[in-house]
Structures are given as C-alpha cells and as structure tokens.
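Chemist: Below you will find the structure I want to go over with you.
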Amino acid sequence: DREYPEVFTAPSQEWGKRTASISPDMCVKRLDCLPQIDKSQRETLVNLLGLHDLEKEKLIPEMLKKALLGVHVAKRDILQSIYNDVADIKKNTKSPEPFVHLIGHICQMYALFSIRAAVDGGANEQDDNDCLPDPLIPHNIQILTIYRLLNLDQPKDQRSWVSSLKSGVNGLKQLVVGGPNNAAPVDPMSDVSNHLVQVLTGEGKSITLAILAAVFVLLGTDVDIVCYSEYLTSRDKEALVPFFVDMLDFEPDQVRYLTFSQLCALRIQGVGRLAEATLTGGNITSSSSSSSSPAAPPQSASTSTAAAAAAGTSSSSSSTAHHQPKHQKQSNPQNNNTNNNTRCDPQRILLIDEVDVFLSKRFYGATYNAGVTLKGVEEYALIEEIQAKGNTHTYNVLNSPALDAVKMKYNNLHQGLDLTRFNRLLDTIALTLVQATSRYLRSDNFRVCKDTNSILYKVGDQYEGVVYPNETSLLYIDQVNKKEISKSDARKFVGLDVQFGQFSYAEVPASNRYYCRILGVTGTLKTTISSTDKGTMILSPEDIDILKRDYGITKFTFAPSVFGTSKLNDSGFEYGRDT
C-alpha cells in the first residue's frame with residue numbers, strides 16, 4: 001500500500017467547513033413513493049439519516065487522522081470495522097441501525113479511496129492546503145436511496161430478512177467470523193422487494209449502486225451492475241472495480257459491470273460451450289440429444305476453437321461468453337453434475353442503471369442470437385473467394401474447391417461419423433455468404449478502430465463491436481483488400497458463423513434461475529415540472545405493467561434532487577425574480 005501523508009496535512013476539522021448537506025427532515029419530506037409510505041416509515045428514515053450524519057462527522061476526520069500513518073493503516077482499521085458491522089447484523093436481527101453503521105464505514109472507505117485516486121491522478125500538485133483534494137462522500141439523498149432499496153424503513157416487527165443471517169453470512173471473511181462457514185446457503189434478501197428509485201441524471205447513480213453492491217457482497221450475495229451503454233459500463237468498471245478489489249478486498253468477479261449483451265453471453269455460456277465442443281471436437285450427429293445447463297461454468301477452451309458470434313450484439317460479449325473468472329468460487333460438490341435442474345452458478349443481485357434498457361426496442365422483444373465461429377486457413381480462403389466472386393452470375397459456391405476443403409477439414413476431424421447433415425449446414429452458410437455479398441457494405445454504419453484493428457458498427461449515437469453473422473467477415477476481407485486492416489489482424493475475426501439459438505434478452509433478468517432480486521436507479525421514472533408540482537410519470541401504464549408483470553418490480557421511489565427543488569415555473573422563469 002502507498003502512503004500519501006501530504007494529503008492529510010490540512011486540519012481534519014476543515015473538512016466540515018467544506019461540506020454541505022440537505023437535512024434528513026428535508027430529504028424525507030421531499031421523498032415520494034409508490035406505493036406511499038406511512039408516517040412511521042418516514043420517521044424511521046429521518047432517524048436513520050440523522051444517525052448517519054452523526055457518524056459521518058466522526059468517521060471522516062477519524063479516517064484523515066489515521067491516514068497520516070499511511071493509507072494501508074486507515075484501510076486496515078476501516079475494513080475491520082466493516083467486518084464487525086456484518087457480525088453485528090447477524091446478532092441484531094430486527095434493528096436497522098447495524099446497517100447504518102455498515103453503510104457509514106463503506107462510505108468512509110470510499111472517501112479514503114477517492115483521496116488516493118485523486119492523488120494518483122495528479123490532482124494534488126500544489127502545497128497549498130486549500131487545494132488539497134476533498135474526500136468524496138455520498139450525499140444524504142444517495143444514502144436515502146440505499147436505505148429505501150434495502151427496505152430499512154420497514155417496521156421492526158416485520159423485518160425478518162436479516163434473521164436468516166443467524167445461520168451464517170455466506171461469503172464473510174473466515175478470519176472475522178471465526179472459522180469456516182458450513183451452514184447451508186441462505187437468502188438474506190427475503191423481504192427486499194424488486195424496486196426502482198429515480199435518481200436524476202448527474203446526481204450519483206454510479207456511487208449509489210457501488211455502495212449498495214458492497215453491502216450485498218458483504219452479506220454474501222454477489223452483484224451484476226448492468227447498463228445499456230458500453231461506454232458508461234466501461235467507465236464505471238474502470239473507476240469503481242479498484243474500490244471493490246483494492247479497498248474492500250473483494251474477488252474481481254463478485255461485482256461485475258456488464259452491458260446487457262455481455263450479461264446474456266455470460267448466462268448462456270454453458271450452451272455456447274456445448275455447441276463449440278460439438279462442432280469442433282464432439283459427436284455432431286448426436287448433438288441434439290446432449291444436455292447441458294445454460295448456467296454451467298465454462299470449461300477450459302481449446303485455442304483452436306472460435307469465439308461466439310452474436311447478431312447485432314457486442315463482440316466483446318461473445319468473448320465474455322468464454323471468460324473464466326480468475327477467482328472462481330468453490331461450488332458445492334453436490335452441484336457438480338449434469339442435471340439440468342441444478343443451478344451451478346449461485347443467484348446474484350441484479351442492479352440496473354437506467355430502466356430505459358428494459359423497455360427499448362434493442363432489448364424488450366429482441367434476441368441474443370448466439371453461435372460459434374469456425375476459423376482457420378480453409379475457412380478464410382472460402383470467405384475470401386466468396387467476397388471476390390460472389391456477385392458474378394457464373395459463380396457456384398457449391399462446386400467450389402474451397403468449400404470442399406472446409407468439408408474435408410471437419411470430415412478428417414470427425415472420422416467415422418456421418419457428416420451429411422453437417423455438410424448441408426456448411427452449404428447453407430456458404431450460400432448465405434454469397435447472398436450477403438450484395439449487402440455487407442454498410443459504408444455509413446461502420447469504421448475501423450485503429451487501436452484494435454477491428455470493425456465497429458454505429459449503434460445509436462456510438463460505435464460498438466457488434467457482429468452481423470456471415471456479413472462482418474466479408475467486410476473484414478474488403479478492408480484487407482483496401483489496406484485498412486492487415487490480413488493477420490483480420491484472421492482473428494474472419495470465420496464461418498454458425499448460429500445455434502436465439503435467447504430473449506427480456507427472459508434473462510426475469511429468470512429466478514439467475515437473479516434473486518432486481519433493484520435499480522434511473523433518471524426517467526417521473527418528470528418534475530416545478531417546485532409546486534410533484535410531476536407526472538414518464539413511463540406509460542403499459543411500461544409500468546411490463547415492469548410489474550415481467551420483472552416483478554412493484555415498488556417505485558422518487559428521490560429528491562441533491563440541488564433542492566426546482567425554482568422554475570411552468571414558463572421557465574425563476575420564482576421570486578424579475579426577468
């Protein structure tokens with residue numbers, strides 16, 4: 001661990017002068033919920049936020065003083081406090097106060113992380129104490145959001161979900177618990193409902209989800225944080241995974257940042273492995289009778305086999321489908337069988353960043369078109385020939401020696417088997433490539449990424465590494481001929497795309513097989529018109545019905561803005577001021 005004593009030379013009491021916060025009363029007063037919460041629940045939230053404020057005023061200066069001895073010293077003490085909080089949650093099954101302590105210490109750790117990140121980024125190059133980076137602390141509105149998602153305002157006599165932790169917290173550090181945890185897995189989320197909270201754009205959705213994810217992982221349930229945007233997903237992953245891994249000592253796969261394409265690829269990786277093994281080394285004629293759990297953990301892949309190809313989905317998601325976590329948890333030996341009813345991958349919590357993705361045309365009703373790509377010298381030669389001759393009237397690909405060479409390759413690989421059906425499949429793919437020669441040039445929809453020497457297609461307002469089966473390979477050959485991509489780089493992507501199934505995007509998060517709860521933050525539930533109007537729902541009744549019926553989301557909370565109420569009237573003028 002590195003030490004940054006120069007960061008902490010300013011008196012710790014100066015921190016309080018540079019911070020401001022909306023009072024707990026005001027936060028809760030402006031909170032709107034559907035269904036509505038009662039007076040006692042609001043009082044509970046006010047009291048919990050008040051307790052958090054008191055702890056914050058103590059914890060942050062305490063962290064600054066300890067960090068004078070070194071960041072590793074402060075981290076060690078905060079981490080021990082976090083473990084103690086989790087142990088207290090086990091003992092105190094009815095009270096929400098231990099959660100306030102836990103969340104407070106996670107915020108304290110994030111403050112330490114933010115200062116270290118600022119120094120690493122060169123934000124503290126001056127000696128003037130006034131220019132030292134301030135710690136980043138979640139706002140009261142963000143804490144209130146977390147309390148609502150954790151259902152901490154539930155009356156004590158109705159809070160039963162933490163009582164299940166009596167039998168042990170799955171995933172808690174053994175050195176803190178005091179010995180291995182041999183108890184059966186428990187569901188610590190039995191009273192936490194699927195729930196969406198509106199947090200306005202730019203007001204801390206990422207940090208809210210990060211703190212919430214840390215709570216869930218510490219209580220034994222790993223998390224997937226899913227967003228519609230590949231850029232935003234990469235940004236948050238780069239910024240926040242070091243917080244989980246370096247500061248909280250989580251394993252890298254315990255909090256995963258994914259796009260929905262990557263999420264689907266992960267969830268069907270067992271099917272992808274089966275198809276890949278069948279085509280490149282298994283019994284092709286009996287593949288239809290094989291069985292495999294879609295959620296089965298991936299086995300080690302041969303370097304000669306190909307990555308999956310997905311139509312209109314991220315190419316990175318295809319490779320993700322074959323990703324082996326570096327620190328995969330030990331599974332229950334009883335689950336290591338081929339029974340399709342056995343869930344090999346434990347349930348996780350799904351945290352959503354923006355509800356729009358559930359209702360967009362690219363997700364709801366769309367499918368993840370999964371497959372494998374057969375690559376090699378023979379396949380490349382066939383596609384190269386089709387790209388050159390496919391538009392000529394005299395060309396018949398079924399009589400091509402290049403196609404015969406591909407068939408011979410797999411006949412030699414599967415000697416003794418009747419490959420008639422597989423050869424027909426290769427014929428179909430070859431004919432599909434010939435048809436695609438008239439449409440693969442989407443000249444206004446793609447560009448070559450010079451950093452990766454790969455083709456990116458325009459999706460919406462950004463470029464992504466999507467793959468159009470048996471079209472994108474032709475485009476790579478075209479770019480090789482135009483000297484935009486080298487032949488050696490193109491070989492990494494060019495192949496015969498064999499699609500083996502379509503999987504509904506909407507079914508993946510809706511399945512209890514994968515996720516025990518769906519929680520999220522979004523900026524687009526309701527619009528606020530003025531300071532005197534609570535706003536109207538942006539989502540249509542049909543949208544709300546989809547969220548309730550298909551995803552079981554029954555609770556909606558509308559968090560107030562961290563900047564206070566709007567001061568504009570219906571005409572866009574500020575109240576109380578002349579124009």
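The values are calculated or read from the model by the stated rules, or taken from the named source; none is laboratory data. The structure displayed is predicted, hence computed values, not measured ones. All Cβ positions, glycine included, derive from the backbone under ideal geometry; neighbour counts span all protein chains shown. Ligands, DNA and RNA are stripped out before the accessible areas are found, and what is left, the full protein with its side chains, is counted by its heavy atoms. Shrake-Rupley method; radii C 1.70, N 1.55, O 1.52, S 1.80 Å.
Chemist: On a full-extension model of 0.36 nm per residue, what is the gain between MET26 and ASP451, subtracting their alpha-carbon distance, rounded to one decimal in nm?
Modeler: Here the segment from MET26 to ASP451 would lengthen by 148.0 nm.
Chemist: If r is the Cβ-Cβ distance from SER540 to TYR231 and R0 is 25 Å, what FRET efficiency results, to the nearest 0.05?
Modeler: FRET efficiency, SER540 to TYR231: 0.35.
Chemist: I would also like to ask the following. In the structure shown, do any of LYS389/LYS482; LYS361/LYS526; LYS407/LYS483; LYS389/LYS483; LYS361/LYS458; LYS205/LYS237 have a Cα-Cα gap over 22 Å, and if so which? Can you show the working numbers first?
Modeler: Details: LYS389/LYS482 17 Å; LYS361/LYS526 20 Å; LYS407/LYS483 30 Å; LYS389/LYS483 19 Å; LYS361/LYS458 16 Å; LYS205/LYS237 14 Å.
With Cα atoms farther than 22 Å apart: LYS407/LYS483.
Chemist: For region 367-468, give the percent of accessible area contributed by carbon and sulfur heavy atoms, probe 1.4 Å, rounded to a whole number.
Modeler: 48 percent
Chemist: Let me ask you something else. What's the FRET efficiency of SER95 with LYS65 using the Cβ-Cβ distance as r and R₀ = 30 Å, to the nearest 0.05?
Modeler: In this case the efficiency is close to 0.55.
Chemist: Now for a separate question. Mind grabbing the accessible area of GLU62 for me, 1.4 Å probe, Å², rounded to tens?
Modeler: GLU62 has an accessible surface of roughly 70 Å² with all protein chains in place.
Chemist: Apply the Debye scattering formula to region 369-518, with a single equal point scatterer on each alpha-carbon and no solvent, then give log10 I(q)/I(0) at q = 0.08, 0.15, 0.17, 0.22 Å⁻¹.
Modeler: The computed values of log10 I(q)/I(0) come out as -0.28, -0.85, -1.01, -1.40.
Chemist: To continue, here is another question. How much area per residue is accessible in region 362-472 when the probe is 1.4 Å and only protein heavy atoms are counted (Å²)? All intermediate terms of the calculation are to be shown ahead of the outcome.
Modeler: Values: 5750 Å² over 111 residues.
That works out to 52 Å² for each residue.
Chemist: For region 186-253, compute the orientation-averaged projected area of the C-alpha convex hull (one quarter of its surface), in nm².
Modeler: Projected over every direction and averaged, the Cα hull of region 186-253 covers 5.3 nm².
Chemist: Another one. With +1 on each Lys and Arg Cβ and -1 on each Asp and Glu Cβ, how big is the dipole of region 349-443 about its Cα centre, in debye rounded to the nearest 20?
Modeler: That gives region 349-443 a dipole magnitude of about 220 debye.
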